[in-house]
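Inspection log for the structure reproduced underneath, given as structure tokens.
The values are calculated or read from the model by the stated rules, or taken from the named source; none is laboratory data. Source: prediction; values computed, not measured. Ideal geometry is used to build each Cβ from the backbone, glycine not excepted, and the neighbour counts take in all protein chains shown.
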Amino acid sequence: MTDKRARARELATEFVAKGDPTGWFEVLYQEGEQGKSIVPWADHKANFHLSEYWRAHPLETAGKSALVVGSGFGEDAEEIAGWGFQTTGFDIAKTAIAAAKKRFPNSAVNYVVADLFEPSAAWRQKFDFVFETNTLQALPASLRPRAAGKIAEFVKPGGVLLVIARGREKDEPEGQLPWPLAREEFADFVRAGLREESFEDFADPEPPWVRRFRVLYRRP
């Protein structure tokens, strides 16, 4: 069976080695557009664990804004916009943003090319709901504290951040990309000024049956 993550891992290793740990995203999306590679997280449907969380814990959306970190092809951003949020989705890969706009030509989502590490100053503490999945676990461990701090900065006072990621014990090996996160790494969001409101640790009910963490934070 072909490993659909093989090319992503190869590119990530190559770009990390040359000091550009986020440059591989655009290359992978370009290769995916050309039919040369697979974008392994492109399921063409909203994140199941995001939708499941919302069904159990819906929020007030009237007049509220949302931001999707690393929005890719747009499925999660479209889902969140459908709940009623004024939604922005951003990605460092311009090919991903172009593809999202093409897939959803009548979308209410504001799709933007942006770098998590150099975001618009206007986004600081602007959003009522921020969603992050896949980004942290696609970054080397050395970059995750800074990335978590940047993500936390998007949350306005009283707003919330929902993070979904693969999980592991601190003493377990990271393995291959996507690198599962240890619970201790989530403390970076608290150090950035957020308060942890819930922390779920569970196994996927369907393939790939991996361990997941789903965590909700609020800015006081």
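A few remarks follow.
- Residues within region 13-38 that are among the small types (Gly, Ala, Ser), crowded, with 17+ Cβ neighbours inside 10 Å and part of a helix (DSSP H, G or I), tallied: 1
- Checking every residue in region 181-192 against the condition of being touching a residue at least 60 places away in the same chain (Cβ under 8 Å) and either closer than 30 Å to Glu10 by Cβ or not in a strand (DSSP E or B) (or both) gives zero matches.
- Selected residue (only one of Ala152, Ala182, Ala165, Ala148 is closer than 25 Å to Asp3 by Cβ, at pLDDT 95 or above and buried (at least 21 other Cβ atoms within 10 Å of the Cβ)): Ala165
- The condition (being closer than 26 Å to Leu162 by Cβ, among the β-branched types (Val, Ile, Thr), over 16 Å from the mean Cα position of the chain (by Cα) and at pLDDT 95 or above) is satisfied by just one residue among Thr61, Thr13: Thr61.
- Within region 39-51, residues that are surrounded by fewer than 16 Cβ atoms within 10 Å (Cβ to Cβ) sit with their Cβ atoms under 8 Å from residues that are part of a helix (DSSP H, G or I) and of a type outside the set (Gly, Ala, Ser), at 6+ positions apart or across chains, in these pairs: Asp43/Glu75; His44/Glu75; Lys45/Glu75; Ser51/Glu79.
- Hits in region 117-137 (condition: in contact with a strand residue (DSSP E or B) (Cβ under 7 Å, 6 or more places away or on another chain) and within 15 Å of Ala148 (Cβ to Cβ)): Val130, Phe131, Glu132, Thr133, Thr135, Leu136, Gln137
- Qualifying residue in region 12-25 (condition: of a type in the set (Phe, Trp, Tyr) and either in contact with a strand residue (DSSP E or B) (Cβ under 6 Å, 6 or more places away or on another chain) or over 29 Å from Ala141 (Cβ atoms) (or both)): no
- Single residue of Ser120, Ser198, Ser142 found to be surrounded by fewer than 18 Cβ atoms within 10 Å (Cβ to Cβ), in contact with a Leu (Cβ under 6 Å, 6 or more places away or on another chain) and without any contact (Cβ under 8 Å) to a residue 24 or more places away in the chain: Ser198
- If you go through region 127-175 and keep only what is on the phi > 0 side of the Ramachandran plot and in a loop (DSSP other than H, G, I, E, B), you end up with Asn134, Gly175.
- Single residue of region 71-91 satisfying the filter (among the small types (Gly, Ala, Ser) and buried (at least 24 other Cβ atoms within 10 Å of the Cβ)) that is farthest from Trp24 (Cα to Cα): Ala77
- Among the residues examined, Ala100 does not qualify as assigned to a helix (DSSP H, G or I), within 22 Å of Glu31 (Cβ to Cβ), in contact (Cβ under 8 Å) with a residue 60 or more places away in the chain and within 17 Å of the chain's Cα centre (by Cα).
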